[in-house]
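One structure is given here, and the rest of the page talks about it.
Read-outs: derived from the displayed coordinates by stated rules, not from any lab. Note that the structure is predicted; figures quoted are calculated from it, not measured. Please note: Cβ atoms are built from the backbone with ideal geometry, for glycine as well, and neighbour counts cover all protein chains shown.
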Amino acid sequence: QSVLTQPPSVSAAPGQKVTISCSGSRSNIGNNYVSWYQQLPGTAPKLLIYDNNERPSEIPDRFSGSKSGTSATLGITGLQTGDEADYYCGTWDTSLSAWVFGGGTKLTVL
Amino acid sequence: QVTLRESGPALVKPTQTLTLTCTFSGFSLSTSGMSMSWIRQPPGKALEWLARIDWDDDKYYSTSLKTRLTISKDTSKNQVVLTMTNMDPVDTATYYCARSSRVGANAYFDLWGRGTLVTVSS
């Protein structure tokens, strides 16, 4: 059982937009920055979003992040088949003094 | 070039102790603000954070596994080592090391190794 809650799966057609939610509590998302990771099949995770809404320079602006209260959201526009992957949110939990991940969301581009 | 590489046994027996090494290049763990974490992923399952060691040798552990884990670093060798005692088949997973260029509550993992698959079986 993950500390952060994500939907197990989302799907959308190529070219469309999708959002992935990540729900937590005051001790984690509520008080700390959220980051998002993309894991393509058979590969290691890769940083997608940090500090709630910042993108590493190599990540296209089709990917965006936001946070409100104890929830965060990853948005992907202009979906491509190459975006099919598992997506994980993560943050520090101040009460646990530990990093926590969401359970992951599998994105299918139909 | 900045790289991380995990190494260790591919197969361990139940009750044995697992020792994994992360060897990195292109940066120093003695740099203020740097930290390294170990994260694992059982086949077909989610990521699970295990432990973190900071540039100043502060250490943090998963609450559910802390009695079994020890993380350490050898700055001169650019290595971080994780030991996990009393291995069980449920510990079968790909183990990743990951870097954070920032410590504290607002860290994030900006670089990951390729991972090493560890199978626990008799």
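Some points to look at:
- Straight-distance crosslink candidates among lysines, where the alpha carbon sits under 21 Å from B:LYS66 and sequence neighbours closer than 8 are dropped: B:LYS13, B:LYS45
- Positive-end residue of B:LEU29, B:THR85, B:ALA98, charge dipole of segment B:28-122 with Cβ unit charges: B:ALA98
- Note on B:34-46: average number of Cβ atoms from other chains within 10 Å of each residue's Cβ is 2.
- Normalised by residue number, the volume inside the convex hull of the Cα atoms of chain A is 92 Å³ per residue.
- Peptide-level mean, for A:94-101, of C-beta atoms on other protein chains within 10 Å: 6
- Residue with peak Gaussian network fluctuation, chain B [Cα springs, cutoff 10 Å], from B:THR19, B:THR94, B:THR67: B:THR67
- Estimated translational diffusion coefficient (Stokes-Einstein, Kirkwood radius over Cα pairs, 10 °C, 1.306 mPa s) of segment B:23-114: 117 µm² per second.
- Under a Gaussian network description of chain B, with springs only between Cα atoms under 10 Å, the residue in B:GLY26, B:GLY44, B:GLY104 that fluctuates furthest is B:GLY44.
- Average beta-carbon neighbours from other chains, 10 Å sphere, peptide A:30-38: 3
- Cα gyration tensor, segment B:27-69 - rounded (a/c under 1.5), prolate or oblate: oblate
- Take every pair of alpha-carbon atoms less than 8 Å apart whose residues are at least six positions apart; their mean separation over the length of chain B yields a relative contact order of 35 percent.
- Top of B:VAL80, B:VAL90, B:VAL12 by mean-square fluctuation, Gaussian network on chain B, Cα under 10 Å: B:VAL90
- Rounded to the nearest 20 debye, the dipole size of segment B:23-91 about its Cα centre is 140 debye, using +1 on the Cβ of Lys and Arg and -1 on the Cβ of Asp and Glu.
- Residues A:GLN80 and B:SER32, FRET efficiency given R0 of 45 Å [Cβ-Cβ distance, rounded to 0.05]: 0.70
- In the calculated pair-distance distribution of the protein assembly as shown, the portion above 29 angstrom amounts to 25 percent of the Cα-Cα pairs.
- More than 12 angstrom apart: percent of Cα pairs within segment B:77-122: 73
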